[in-house]
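The next block holds one structure in the form of structure tokens; read it before the comments.
The values are calculated or read from the model by the stated rules, or taken from the named source; none is laboratory data. What you are looking at is a predicted structure, and each value in this text was computed from that prediction instead of being measured. Cβ placement follows ideal geometry from the backbone for every residue including glycine, while neighbour counts extend to all protein chains displayed.
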Amino acid sequence: MKEKKKEKKNEKKFFVVILLVIIGFIIFAYYMSTHDLNKPEDVLKQYVAYINEAKYEDMYELLSDKSKEITSKETFLTRNQNIYEGIEVKNVKVKTIVNEGNNILSYQMDMDTIAGPVSFENKMTFERQDDKKYYINWDSTLIFPDLTSEDKVRVESSEGERGRILDRNGIALAEQGVIKSIGFVPGKIQDRESAIENASNLLGVSKEFIEGELSASYVQDDTFVPIKTLSKSDEEKIEDDLLKISGIMISDIEDRVYPYGEATSHLLGYIRGITEEELEEFSDKGYTTNSVIGKVGMERIFEDTLRGENGSTIYIVDSNENVKKVIAETEQKKGKDVKLTIDIELQKKIYEQLKDDNGLSVAMNPKTGEVLAMVSTPTYDSNDFIIGFSNEEWDSLNNNENNPMFCRYESTWVPGSSFKPITGAIGLTTDSMKADDDYGASGLKWQNSDGWGDFWITTLTEYSGPANLKNALIYSDNIYFAKTALKIGDTTFAERLSKIGFNKEIPFEEGMTASQFSSDNTFRSEAQLANTGYGQGEVLVNPLHMASIYSAFVNDGSMIKPYIQYKNDINPEYWIQDAFSKESANTIRDDLIQVVEDSNGTGHEAYIDGMTIAGKTGTAEIKASQDDEDGIELGWFNAFRVTDNENEQLLIINMIEDVEDRGGSHYLLPKVKNMFLD
């Protein structure tokens, strides 16, 4: 009996639980049928979030069924994408939301655009559909309150003129100028096939490209269809032949021009259209997809100063293209000019001497630090990046074995004997040796001990005088400077080289590769230390750094700090004070004068009557091993004018590659001599 009563009691509990569940479900269903699953405010905020994320399809899904019947998905997507992306909308925000009742929200919308910030008040109405959710009743006024379905949004942009780059005398090295746009007017072409073929041959563009441009959807009979831009000089060469082609038209357009072409290209660099990566990197600087930006050289270094601010206008037009309302407008602003310390006449002179070689030159006023010229050859023409390349021209430039795009003076190089004055100055400064010390004759081949095995230091010339500092510089004695390095010692030599800027950033507007005296900042063997003494081993020197070191021989032992942006008030700054002792620097200077003036000096071919030139030659060997007979040689000649006249100060560092069959460093001497001649 007791068990039956217990079973009945459990059955009652079960039915009670089931009843409660059913009642709960009924209550929930009733609640869901009478309450909203979302709020209009939430829908508005989600809609704005989708605008920021450019999720146009998700925006469309928030529209009411009634709106979707009026506006197709394709129409909605196209209109919203074209407008929002056309005016470069970002940072859309909605605030001050007020519920006016009857499913209407008023709000303020703010956004950033290509023409600056835009803010407006608007209203959005909603419809509660069968799923108990709110959806937007959409039309074009939700993009802008004054925009109807028949209207369009237009954008006009005017590019802010880029500032000029000037030389020290105010001569324009880069400026706004005129280039020639060559194109066709289709309605005036008589024999289309012949005209395209002739234009293709003269302009160096493919027939397929020209045909494609002429067949574009926007082209009408009276449309000017640009095919290629040319510099004025290039256009003049083929103008007569071009004008014989029916339908050809030549139009003047303004753009960036570089009057001195190849002579200044590595120095100035070039501008090109901004990339997606750059646009993202500089997103806070006001660039747009249509912006140009400095890519290399001075154009890149002074980009923030040179770039102008574009002017833009966003406006609504009706179906007849009449302006209804201006939404936003910004005025264009011209960029600022940049004046350099460069002397364009010296720049051209040096370029003419080096243009047929793979080489470099850095010229500087050693008293002030003003960089007067920087040349790297072979080179390219900055104007070509403005007028554009054909595929063949671009491939030719990039596949050239001499690497004309490589800026040689930014890199580091084996200095060879041009390093010897540095070793000598360190030896004197540290009292490791005296200028008059005679090391004694060593012949043409020497090693410090049998422990060197098969490794020997060799030199090219024996001389009858004492093996002292002056003669070692005059005759460029490798053995003398190998011995000097050993006298200085590895620890002291490493410390002194570090003090004068090795393995340190060069303080200059343009990024330069840091010099090194060893790959790991140590001398791992006696042979390496000896090799470094005459500029071999693992030592690599940047030319601008070399110029600063040589300036110490003009400045009582202190290294000048180089700079390239012109200053009206010259107040010389030193990169490294007392790099060498005053006595050491002056001794090296006097001995380098003899390298040029002594008839036995390796630099005597650069002698100029009536002008005191001090300098040091260097032939650096780049070999896989000591027995390598196929290595290449770099020829150096670093020279400076010795004078008290502030207006005649000039120091030039010069290097040419592949001089092994051209007389080594002697190949440079007449070229450098011409650089110093007026």
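Of the helices (runs of 4 or more DSSP H) that lie entirely inside segment 27-114, those containing 3 or more residues that are surrounded by 17 or more Cβ atoms within 10 Å (Cβ to Cβ), of a type in the set (A, V, I, L, M, F, W, C) and modelled with pLDDT of 95 or more span 40-52.
Of all the numbered requirements in (1) more than 17 Å from Gln536 (Cα to Cα); (2) in contact (Cβ under 8 Å) with a residue 24 or more places away in the chain, Gly453 misses one, and that requirement is (2). Among the candidates Gly610, Gly635, Gly664, the residue that is more than 19 Å from Asn471 (Cβ to Cβ) and loosely packed, with under 15 Cβ neighbours inside 10 Å is uniquely Gly610. Please work out if Val292 is among the hydrophobic types (A, V, I, L, M, F, W, C), within 16 Å of Tyr380 (Cβ to Cβ) and not assigned by TED's automatic domain parsing to the domain that holds Glu85. Judged against the criteria, Val292 is not a match. For residues that are aromatic (Phe, Trp, Tyr) and part of a loop (DSSP other than H, G, I, E, B), scanning just segment 502-556, find the one that is surrounded by the most Cβ atoms within 10 Å (Cβ to Cβ). Per the criteria, the residue is Tyr534. The set of residues from segment 296-338 being in a strand (DSSP E or B), under 28 Å from the mean Cα position of the chain (by Cα) and surrounded by fewer than 17 Cβ atoms within 10 Å (Cβ to Cβ) comprises Glu309, Gly311, Lys333.
When segment 447-494 is limited to residues that are surrounded by 19 or more Cβ atoms within 10 Å (Cβ to Cβ) and of a type in the set (Phe, Trp, Tyr), the one that is farthest from Lys616 (Cα to Cα) turns out to be Phe493. Evaluation of Arg154 against the conditions (1) over 15 Å from Ile87 (Cβ atoms); (2) charged (D, E, K, R); (3) in contact with a Phe, Trp or Tyr (Cβ under 7 Å, 6 or more places away or on another chain) shows that the sole unmet condition is (1).
Scanning segment 640-661 for residues that are over 14 Å from Leu372 (Cβ atoms) and under 32 Å from the mean Cα position of the chain (by Cα), we see that the one that is surrounded by the fewest Cβ atoms within 10 Å (Cβ to Cβ) is Asp658. Kindly indicate whether any position in segment 224-246 is under 30 Å from Asp337 (Cα atoms) and of a type in the set (A, V, I, L, M). Yes, segment 224-246 contains a residue that is under 30 Å from Asp337 (Cα atoms) and of a type in the set (A, V, I, L, M). Given the residues Asp337, Asp357, Asp343, which is the only one that is touching a Gly at 6+ places or on another chain (Cβ under 7 Å) and more than 24 Å from Thr275 (Cα to Cα)? Going through Asp337, Asp357, Asp343 in turn, just one is touching a Gly at 6+ places or on another chain (Cβ under 7 Å) and more than 24 Å from Thr275 (Cα to Cα): Asp337.
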